[in-house]
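Trainee: The structure under discussion is supplied below as structure tokens; questions concerning it will follow.
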Amino acid sequence: MFLFLKARQREKVTDEHNTRLSATVDKLLAESNERLQIQLRERMQTLEEKNHVVQESEKLRKQLEEIQNERVDNKYLI
């Protein structure tokens, strides 16, 4: 009977320990996921900003080409 109670107590302690470990793992995974989500949002924002800069740069490049072409055309008209 004593061995049975001792084994039952060990099983209970083990279950409690497993429950605490599981809760800790869940908490760590949630924290990690939150950090990853923040990093993803930051990278997406950076990518959007980069795309905006690239589009603006392309727009300015085209304007510059048009101005240069106009100057060349006007030069030949003179």
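Trainee: Quick one: putting +1 on the C-beta of Lys and Arg, -1 on the C-beta of Asp and Glu, what dipole do you get for segment 17-78 around its Cα centre, in Debye to the nearest 20? All intermediate terms of the calculation are to be shown ahead of the outcome.
Mentor: Values: 11 positive and 12 negative charges, 46 e Å.
Using Cβ point charges on Lys, Arg, Asp and Glu, segment 17-78 gives about 220 debye.
Trainee: Springs between alpha-carbon pairs under 10 angstrom, Gaussian network model over the chain: which of ASN18, ASN33, ASN51 fluctuates most?
Mentor: Looking only at ASN18, ASN33, ASN51, the biggest GNM fluctuation is shown by ASN18.
Trainee: Here's something else I'd like to know. So what is the orientation-averaged projected area of the chain, using the convex hull of its C-alpha atoms, in nm²?
Mentor: On the way: hull surface 23.8 nm².
Averaged projected hull area, Cα only: 6.0 nm².
Trainee: I want to verify a result. In a Gaussian network model of the chain, Cα cutoff 10 Å, which of these has the top mean-square fluctuation: GLU66, GLU48, GLU31?
Mentor: GLU66
Trainee: What's the lysine pair count for the chain at a Cα cut-off below 30 Å, pairs eight or more apart or interchain?
Mentor: Details: LYS12/LYS27; LYS50/LYS59; LYS50/LYS62; LYS59/LYS75; LYS62/LYS75.
So the count of such lysine pairs works out to 5.
Trainee: Round to a whole angstrom and tell me the spacing of the C-alpha centers of segment 40-57 and segment 1-33.
Mentor: After rounding, the separation between the Cα centres reads 47 Å.
Trainee: Springs between alpha-carbon pairs under 10 angstrom, Gaussian network model over the chain: which of ARG20, ARG35, ARG43 fluctuates most?
Mentor: Of the options given, ARG20 has the highest mean-square fluctuation.
Trainee: Further, regarding this structure: Explain nothing, just compute: Karplus ³J(HN,Hα) = 6.51 cos²θ - 1.76 cosθ + 1.60, θ = phi - 60°, for every residue of segment 34-45 in order, whole Hz, x for Gly and Pro.
Mentor: Couplings: 4, 4, 5, 5, 5, 4, 5, 4, 5, 5, 5, 5 Hz.
Bear in mind these aren't lab numbers, they're just calculated from the coordinates by the rules spelled out. Predicted model only: the values in this text are computed from it and were never measured. When we count neighbours, we look across all protein chains shown, and the Cβ atoms used for this are built from the backbone with ideal geometry, even at glycine.
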